[in-house]
Amino acid sequence: MDHYSIALIPGDGIGVDVVREGKKVLDAICDLHGGFSLTYKEFDWSCEYYAKHGKMMPDDGLEQLKDFDSIFLGAVGYPGVPDHVSLWGLLLPIRRQFEQYINLRPVKLLKGLDSPLAGKTSEQLDFIVIRENNEGEYSSIGGRMYEGTDLDMAMQTSVFTRKGVERVLRYAFDLAKKQGKKKHVTAATKSNGINHTMPFWDEYVERINQEYPQVTSNTVHIDALAAFFVSKPETMDVVVASNLFGDILTDLGAAIVGGLGIAPSANINPEKKYPSMFEPVHGSAPDIAGKGIANPLASIWCTSMMLDHLGQAESAKAIIDAMEEVLQEKEVLTPDLGGKSTTEQVGDYICKKLKERLS
(Lines give C-alpha, C1' and ligand atoms only; values in the text may rest on other atoms or scores of the structure.)
Protein backbone atom coordinates (compact mmCIF):
# COMPACT_ATOMS: atom_id res chain seq x y z
CA MET A 1 0.00 0.00 0.00
CA ASP A 2 1.26 3.47 -0.90
CA HIS A 3 1.35 6.03 1.89
CA TYR A 4 1.44 9.80 1.63
CA SER A 5 1.89 12.49 4.27
CA ILE A 6 -0.06 15.73 3.82
CA ALA A 7 0.62 19.07 5.50
CA LEU A 8 -2.63 20.97 6.05
CA ILE A 9 -2.45 24.78 6.23
CA PRO A 10 -6.08 25.96 6.36
CA GLY A 11 -4.91 29.56 6.74
CA ASP A 12 -7.45 32.37 6.94
CA GLY A 13 -11.16 32.99 6.41
CA ILE A 14 -12.94 30.40 4.32
CA GLY A 15 -9.68 28.54 3.88
CA VAL A 16 -10.56 26.75 7.12
CA ASP A 17 -14.03 25.85 5.80
CA VAL A 18 -12.96 24.54 2.41
CA VAL A 19 -9.88 22.61 3.55
CA ARG A 20 -12.13 20.74 5.98
CA GLU A 21 -14.30 19.57 3.08
CA GLY A 22 -11.31 18.78 0.90
CA LYS A 23 -9.86 16.57 3.62
CA LYS A 24 -13.24 14.88 3.97
CA VAL A 25 -13.20 13.97 0.28
CA LEU A 26 -9.60 12.77 0.49
CA ASP A 27 -10.51 10.50 3.41
CA ALA A 28 -13.52 9.14 1.53
CA ILE A 29 -11.59 8.31 -1.64
CA CYS A 30 -8.78 6.82 0.40
CA ASP A 31 -11.18 4.48 2.23
CA LEU A 32 -12.95 3.51 -0.98
CA HIS A 33 -9.80 2.87 -2.99
CA GLY A 34 -8.05 0.80 -0.39
CA GLY A 35 -4.70 0.94 -2.19
CA PHE A 36 -3.19 3.99 -0.49
CA SER A 37 -3.34 5.76 2.85
CA LEU A 38 -2.94 9.35 3.97
CA THR A 39 -1.77 10.95 7.20
CA TYR A 40 -2.07 14.63 8.02
CA LYS A 41 -0.48 17.26 10.18
CA GLU A 42 -2.21 20.61 10.54
CA PHE A 43 -0.36 23.91 10.89
CA ASP A 44 -2.03 27.06 12.25
CA TRP A 45 0.08 29.46 10.17
CA SER A 46 -2.12 32.36 9.14
CA CYS A 47 -2.73 36.06 9.62
CA GLU A 48 -4.01 35.21 13.10
CA TYR A 49 -0.66 33.54 13.75
CA TYR A 50 1.01 36.71 12.46
CA ALA A 51 -1.00 38.86 14.89
CA LYS A 52 0.30 36.77 17.77
CA HIS A 53 3.90 36.19 16.67
CA GLY A 54 4.78 38.95 14.19
CA LYS A 55 5.46 36.41 11.44
CA MET A 56 3.34 34.24 9.17
CA MET A 57 5.13 31.03 10.13
CA PRO A 58 7.94 30.06 12.50
CA ASP A 59 11.55 30.55 11.48
CA ASP A 60 11.90 26.80 10.87
CA GLY A 61 8.59 26.53 9.02
CA LEU A 62 10.07 25.38 5.75
CA GLU A 63 12.17 22.80 7.56
CA GLN A 64 8.98 21.46 9.15
CA LEU A 65 7.30 21.13 5.74
CA LYS A 66 10.09 19.77 3.57
CA ASP A 67 9.54 16.05 4.23
CA PHE A 68 5.80 15.97 3.49
CA ASP A 69 4.60 14.51 0.21
CA SER A 70 2.15 17.38 -0.41
CA ILE A 71 0.93 20.62 1.12
CA PHE A 72 -2.78 21.48 1.10
CA LEU A 73 -3.33 25.21 1.59
CA GLY A 74 -6.68 26.90 2.13
CA ALA A 75 -6.27 30.67 1.77
CA VAL A 76 -4.09 33.46 3.12
CA GLY A 77 -5.12 37.03 3.88
CA TYR A 78 -7.16 38.97 6.41
CA PRO A 79 -8.03 42.65 7.05
CA GLY A 80 -5.35 44.34 9.09
CA VAL A 81 -2.47 42.37 7.58
CA PRO A 82 -1.19 43.88 4.30
CA ASP A 83 -1.29 41.46 1.37
CA HIS A 84 2.42 41.80 0.70
CA VAL A 85 3.10 40.74 4.30
CA SER A 86 0.88 37.65 4.21
CA LEU A 87 2.02 36.64 0.73
CA TRP A 88 5.75 37.13 1.19
CA GLY A 89 5.63 35.66 4.67
CA LEU A 90 4.10 32.30 3.80
CA LEU A 91 3.02 31.48 0.27
CA LEU A 92 5.96 32.81 -1.74
CA PRO A 93 8.70 31.36 0.52
CA ILE A 94 7.09 27.93 0.13
CA ARG A 95 6.85 28.29 -3.64
CA ARG A 96 10.43 29.43 -4.01
CA GLN A 97 12.36 27.44 -1.43
CA PHE A 98 10.64 24.24 -2.54
CA GLU A 99 11.26 25.08 -6.21
CA GLN A 100 7.58 24.89 -7.08
CA TYR A 101 8.37 26.56 -10.36
CA ILE A 102 5.27 25.29 -12.15
CA ASN A 103 1.90 26.83 -11.36
CA LEU A 104 -0.69 24.63 -13.02
CA ARG A 105 -4.19 25.95 -13.64
CA PRO A 106 -6.80 24.01 -15.61
CA VAL A 107 -9.23 26.10 -17.66
CA LYS A 108 -11.96 23.49 -17.86
CA LEU A 109 -15.70 24.01 -17.95
CA LEU A 110 -17.06 21.22 -15.78
CA LYS A 111 -20.23 19.55 -16.99
CA GLY A 112 -23.20 21.15 -15.29
CA LEU A 113 -21.73 24.66 -15.32
CA ASP A 114 -22.48 27.44 -17.79
CA SER A 115 -19.79 29.70 -19.16
CA PRO A 116 -20.41 33.46 -19.42
CA LEU A 117 -19.20 33.01 -23.00
CA ALA A 118 -22.36 32.40 -24.97
CA GLY A 119 -22.61 29.04 -26.65
CA LYS A 120 -19.28 27.64 -25.42
CA THR A 121 -19.39 24.00 -24.30
CA SER A 122 -17.29 21.88 -21.98
CA GLU A 123 -15.59 20.39 -25.05
CA GLN A 124 -14.57 23.85 -26.28
CA LEU A 125 -13.42 25.13 -22.90
CA ASP A 126 -10.79 22.63 -21.86
CA PHE A 127 -7.13 23.66 -21.81
CA ILE A 128 -4.31 24.21 -19.35
CA VAL A 129 -2.29 27.27 -18.37
CA ILE A 130 1.25 26.88 -17.04
CA ARG A 131 2.57 29.88 -15.16
CA GLU A 132 6.23 30.30 -14.30
CA ASN A 133 6.12 30.46 -10.52
CA ASN A 134 9.54 31.40 -9.13
CA GLU A 135 11.01 34.39 -10.96
CA GLY A 136 9.98 36.72 -13.80
CA GLU A 137 8.24 39.91 -12.84
CA TYR A 138 7.69 38.82 -9.22
CA SER A 139 11.27 39.14 -8.09
CA SER A 140 12.15 40.81 -4.81
CA ILE A 141 14.87 42.93 -6.42
CA GLY A 142 14.16 46.62 -6.12
CA GLY A 143 13.17 49.14 -3.48
CA ARG A 144 11.96 52.59 -2.55
CA MET A 145 13.87 55.84 -2.22
CA TYR A 146 13.03 59.34 -1.03
CA GLU A 147 9.68 58.33 0.44
CA GLY A 148 7.55 61.29 1.48
CA THR A 149 9.37 63.75 -0.75
CA ASP A 150 8.91 65.09 -4.27
CA LEU A 151 11.59 62.61 -5.38
CA ASP A 152 9.65 59.58 -4.13
CA MET A 153 10.41 56.59 -6.34
CA ALA A 154 10.03 52.80 -6.57
CA MET A 155 11.89 50.25 -8.67
CA GLN A 156 11.21 46.56 -9.28
CA THR A 157 13.43 44.41 -11.48
CA SER A 158 12.19 41.44 -13.49
CA VAL A 159 14.43 38.37 -13.46
CA PHE A 160 14.44 35.89 -16.35
CA THR A 161 17.15 33.22 -16.16
CA ARG A 162 18.00 30.60 -18.74
CA LYS A 163 17.38 27.85 -16.17
CA GLY A 164 14.05 29.30 -15.06
CA VAL A 165 12.74 29.90 -18.58
CA GLU A 166 13.94 26.60 -20.03
CA ARG A 167 12.45 24.45 -17.29
CA VAL A 168 8.98 25.98 -17.45
CA LEU A 169 8.94 25.85 -21.25
CA ARG A 170 10.18 22.27 -21.29
CA TYR A 171 7.40 21.32 -18.86
CA ALA A 172 4.85 22.96 -21.18
CA PHE A 173 6.13 21.18 -24.27
CA ASP A 174 6.26 17.86 -22.40
CA LEU A 175 2.65 18.30 -21.32
CA ALA A 176 1.54 19.20 -24.85
CA LYS A 177 3.34 16.14 -26.20
CA LYS A 178 1.82 13.73 -23.67
CA GLN A 179 -1.66 15.16 -23.02
CA GLY A 180 -2.38 17.98 -25.43
CA LYS A 181 -5.35 17.54 -27.74
CA LYS A 182 -3.72 19.67 -30.42
CA LYS A 183 -0.06 19.10 -29.44
CA HIS A 184 0.35 22.85 -29.44
CA VAL A 185 1.93 25.37 -27.06
CA THR A 186 0.90 29.03 -27.00
CA ALA A 187 3.45 31.25 -25.25
CA ALA A 188 2.43 34.64 -23.90
CA THR A 189 4.83 37.48 -24.74
CA LYS A 190 5.07 41.26 -25.01
CA SER A 191 8.28 41.56 -26.99
CA ASN A 192 7.00 44.57 -28.92
CA GLY A 193 6.96 46.65 -25.74
CA ILE A 194 9.28 44.93 -23.24
CA ASN A 195 12.49 44.82 -25.20
CA HIS A 196 14.86 42.68 -23.11
CA THR A 197 13.10 39.99 -21.09
CA MET A 198 10.40 39.17 -23.61
CA PRO A 199 12.67 38.69 -26.65
CA PHE A 200 14.77 36.49 -24.34
CA TRP A 201 11.63 34.47 -23.52
CA ASP A 202 10.63 34.24 -27.20
CA GLU A 203 14.10 33.03 -28.17
CA TYR A 204 13.89 30.14 -25.74
CA VAL A 205 10.37 29.22 -26.86
CA GLU A 206 11.82 28.67 -30.34
CA ARG A 207 14.86 26.80 -29.01
CA ILE A 208 12.87 24.42 -26.79
CA ASN A 209 10.33 23.77 -29.55
CA GLN A 210 13.17 22.34 -31.65
CA GLU A 211 13.48 19.54 -29.07
CA TYR A 212 9.83 18.60 -29.68
CA PRO A 213 9.25 18.15 -33.42
CA GLN A 214 5.82 16.63 -32.75
CA VAL A 215 4.63 19.82 -30.98
CA THR A 216 3.86 23.14 -32.66
CA SER A 217 4.02 26.53 -30.96
CA ASN A 218 3.43 30.21 -31.39
CA THR A 219 4.03 33.34 -29.35
CA VAL A 220 1.14 35.76 -28.86
CA HIS A 221 1.25 39.20 -27.27
CA ILE A 222 -0.43 39.15 -23.89
CA ASP A 223 -3.09 41.71 -24.79
CA ALA A 224 -4.15 39.75 -27.87
CA LEU A 225 -3.96 36.46 -25.98
CA ALA A 226 -6.29 37.78 -23.28
CA ALA A 227 -8.75 38.68 -26.02
CA PHE A 228 -8.41 35.21 -27.57
CA PHE A 229 -9.29 33.61 -24.21
CA VAL A 230 -12.68 35.26 -24.68
CA SER A 231 -13.14 35.23 -28.47
CA LYS A 232 -11.71 31.82 -29.40
CA PRO A 233 -10.77 29.77 -26.32
CA GLU A 234 -11.41 26.55 -28.24
CA THR A 235 -8.14 27.15 -30.12
CA MET A 236 -6.09 26.84 -26.92
CA ASP A 237 -4.30 23.68 -25.84
CA VAL A 238 -1.33 24.35 -23.54
CA VAL A 239 -0.62 27.98 -22.68
CA VAL A 240 2.64 28.97 -20.98
CA ALA A 241 3.42 32.37 -19.52
CA SER A 242 5.77 34.28 -17.26
CA ASN A 243 4.82 34.90 -13.64
CA LEU A 244 2.86 38.13 -14.08
CA PHE A 245 1.26 37.28 -17.41
CA GLY A 246 0.36 33.83 -16.14
CA ASP A 247 -1.21 35.31 -13.02
CA ILE A 248 -3.48 37.51 -15.13
CA LEU A 249 -4.36 34.87 -17.71
CA THR A 250 -5.25 32.23 -15.12
CA ASP A 251 -7.78 34.45 -13.38
CA LEU A 252 -9.30 35.31 -16.74
CA GLY A 253 -9.34 31.60 -17.53
CA ALA A 254 -11.20 30.92 -14.30
CA ALA A 255 -13.74 33.62 -15.10
CA ILE A 256 -14.74 32.02 -18.41
CA VAL A 257 -15.36 28.61 -16.84
CA GLY A 258 -17.37 29.53 -13.77
CA GLY A 259 -15.39 31.93 -11.64
CA LEU A 260 -12.73 31.86 -8.94
CA GLY A 261 -15.08 30.03 -6.58
CA ILE A 262 -14.37 26.75 -8.36
CA ALA A 263 -10.81 27.41 -9.57
CA PRO A 264 -8.02 25.12 -8.33
CA SER A 265 -4.28 25.48 -8.66
CA ALA A 266 -1.16 23.42 -8.15
CA ASN A 267 2.31 24.67 -7.32
CA ILE A 268 4.47 21.86 -8.63
CA ASN A 269 8.02 20.75 -8.03
CA PRO A 270 8.15 18.32 -10.98
CA GLU A 271 11.23 16.48 -9.73
CA LYS A 272 9.48 15.76 -6.39
CA LYS A 273 12.62 16.80 -4.54
CA TYR A 274 10.31 18.94 -2.41
CA PRO A 275 6.59 18.76 -1.68
CA SER A 276 4.19 20.39 -4.12
CA MET A 277 1.40 22.64 -2.83
CA PHE A 278 -2.27 22.64 -3.85
CA GLU A 279 -4.55 25.60 -3.19
CA PRO A 280 -7.86 27.05 -4.36
CA VAL A 281 -7.39 30.56 -5.72
CA HIS A 282 -10.54 32.23 -4.46
CA GLY A 283 -8.88 33.95 -1.50
CA SER A 284 -9.89 34.03 2.14
CA ALA A 285 -13.23 35.89 1.72
CA PRO A 286 -13.37 36.93 5.40
CA ASP A 287 -16.85 38.41 4.96
CA ILE A 288 -18.37 34.92 4.59
CA ALA A 289 -15.93 32.91 6.70
CA GLY A 290 -17.61 30.51 9.11
CA LYS A 291 -21.08 31.13 7.67
CA GLY A 292 -21.25 27.78 5.93
CA ILE A 293 -21.86 29.21 2.46
CA ALA A 294 -18.36 29.07 0.95
CA ASN A 295 -18.09 26.93 -2.17
CA PRO A 296 -15.73 23.98 -1.45
CA LEU A 297 -15.49 22.79 -5.08
CA ALA A 298 -12.19 24.57 -5.82
CA SER A 299 -10.64 22.98 -2.76
CA ILE A 300 -12.04 19.57 -3.66
CA TRP A 301 -10.75 19.95 -7.22
CA CYS A 302 -7.33 20.62 -5.66
CA THR A 303 -7.49 17.23 -3.95
CA SER A 304 -7.97 15.65 -7.37
CA MET A 305 -4.90 17.47 -8.70
CA MET A 306 -2.96 16.41 -5.62
CA LEU A 307 -3.80 12.74 -6.06
CA ASP A 308 -2.96 12.91 -9.74
CA HIS A 309 0.46 14.37 -8.88
CA LEU A 310 1.00 11.59 -6.33
CA GLY A 311 0.30 8.96 -8.96
CA GLN A 312 -3.30 8.12 -8.06
CA ALA A 313 -4.86 9.05 -11.41
CA GLU A 314 -7.89 6.78 -11.07
CA SER A 315 -8.93 8.34 -7.77
CA ALA A 316 -8.22 11.82 -9.11
CA LYS A 317 -10.61 11.23 -12.02
CA ALA A 318 -13.27 9.78 -9.71
CA ILE A 319 -13.36 13.06 -7.77
CA ILE A 320 -13.86 15.12 -10.95
CA ASP A 321 -16.58 12.72 -12.12
CA ALA A 322 -18.39 13.06 -8.78
CA MET A 323 -18.13 16.85 -8.91
CA GLU A 324 -19.60 16.93 -12.41
CA GLU A 325 -22.46 14.65 -11.38
CA VAL A 326 -23.31 16.97 -8.50
CA LEU A 327 -23.13 20.03 -10.75
CA GLN A 328 -25.35 18.44 -13.39
CA GLU A 329 -28.00 17.46 -10.83
CA LYS A 330 -28.09 21.06 -9.48
CA GLU A 331 -29.67 19.84 -6.24
CA VAL A 332 -26.83 20.38 -3.76
CA LEU A 333 -24.98 23.61 -4.56
CA THR A 334 -23.81 26.61 -2.56
CA PRO A 335 -25.48 30.03 -3.04
CA ASP A 336 -22.82 31.33 -5.45
CA LEU A 337 -23.93 28.63 -7.90
CA GLY A 338 -27.62 29.29 -7.38
CA GLY A 339 -28.20 26.70 -4.67
CA LYS A 340 -29.17 26.76 -1.01
CA SER A 341 -26.83 24.13 0.41
CA THR A 342 -24.06 24.64 2.93
CA THR A 343 -20.35 24.09 2.47
CA GLU A 344 -20.59 20.94 4.57
CA GLN A 345 -23.58 19.57 2.68
CA VAL A 346 -21.76 19.90 -0.66
CA GLY A 347 -18.73 18.07 0.75
CA ASP A 348 -20.95 15.31 2.17
CA TYR A 349 -22.83 14.94 -1.10
CA ILE A 350 -19.67 14.55 -3.14
CA CYS A 351 -18.52 11.85 -0.70
CA LYS A 352 -21.91 10.16 -1.18
CA LYS A 353 -21.46 10.23 -4.97
CA LEU A 354 -17.98 8.76 -4.62
CA LYS A 355 -19.34 5.88 -2.55
CA GLU A 356 -22.06 5.21 -5.12
CA ARG A 357 -19.49 5.14 -7.91
CA LEU A 358 -16.74 3.15 -6.22
CA SER A 359 -18.46 0.82 -3.73
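With K and R counted +1 and D and E -1, the other residues having a Cβ less than 11 Å from that of Asn134 yield a net charge of +2.
Using bins of 10 Å that start at zero, the share of Cα-Cα pairs per bin across the stretch 202-359 amounts to 9, 30, 34, 20, 7, 0, in whole %.
Per-residue 3J(HN,Hα) values for the stretch 21-26, derived from phi via the Karplus relation 6.51 cos²θ - 1.76 cosθ + 1.60 with θ = phi - 60°, read 6, x, 5, 4, 5, 4 Hz in sequence order (x marks Gly and Pro).
The residues neighbouring Val19, those whose beta-carbon lies less than 14 Å from its own, together hold a net charge of -4 under the Lys/Arg +1, Asp/Glu -1 convention. Neighbours of Thr39, meaning other residues whose beta-carbon lies under 13 angstrom from its beta-carbon, give a summed charge of -3 when Lys and Arg score +1 and Asp and Glu score -1. Each peptide in 327-337, 172-182 gets a packing score, the mean of other Cβ atoms within 10 Å over its residues, and the list from highest to lowest is 172-182, 327-337.
For the stretch 161-173, 3J(HN,Hα) computed residue by residue from phi via the Karplus equation (6.51, -1.76, 1.60; θ = phi - 60°) reads 9, 4, 4, x, 6, 4, 6, 6, 5, 5, 4, 5, 5 Hz, glycine and proline entered as x. Ellipticity at 222 nm from helices only: DSSP H runs of n ≥ 4 in the chain, each -39500 (n - 2.57), divided by the residue count, give -12000 deg cm²/dmol. Using a ≥ b ≥ c from the Cα gyration tensor of the stretch 242-333 (square roots of the eigenvalues), is it rounded, prolate or oblate, where a/c under 1.5 gives rounded and otherwise the larger of a/b and b/c decides, a/b for prolate? Verdict is oblate for the stretch 242-333. Assign one of three labels to the stretch 158-259, namely rounded, prolate or oblate, based on the Cα gyration tensor with a ≥ b ≥ c the square roots of its eigenvalues; rounded applies when a/c is under 1.5, prolate when it is not and a/b is larger than b/c, and oblate otherwise. It is oblate, given that a/c is not under 1.5 and a/b is not larger than b/c. For the stretch 1-155, a/c is not less than 1.5, where a ≥ b ≥ c are the root eigenvalues of the C-alpha gyration tensor, and a/b does not top b/c. That puts it in the oblate class. For the chain, modelled as a GNM whose springs connect Cα atoms under 10 angstrom apart, the maximal fluctuation among Ser304, Ser140, Ser46 occurs at Ser140.
Protection proxy ranking for 192-198, 205-211, using the average of other Cβ atoms within 10 Å per residue and placing the highest first: 205-211, 192-198.
For the stretch 185-238, the share of alpha carbon pairs falling in successive 10 Å distance bins from zero is 24, 48, 27, 0 percent. Per the 1.4 Å probe, what fraction of the accessible area of the stretch 41-190, in percent, lies on carbon and sulfur atoms? Reported share for carbon and sulfur atoms: 50 percent. When the alpha carbon gyration tensor of the stretch 96-146 is reduced to an equivalent ellipsoid, the three semi-axes, largest first, read 36, 15, 8 Å.
The values are calculated or read from the model by the stated rules, or taken from the named source; none is laboratory data. Here the structure is a predicted model, which means the values were calculated and not measured. Positions of Cβ are generated from backbone atoms using ideal geometry, with glycine treated the same way; all protein chains shown enter the neighbour counts. Side chains included, ligands, DNA and RNA excluded: accessible areas come from the protein's heavy atoms. Shrake-Rupley method; radii C 1.70, N 1.55, O 1.52, S 1.80 Å.
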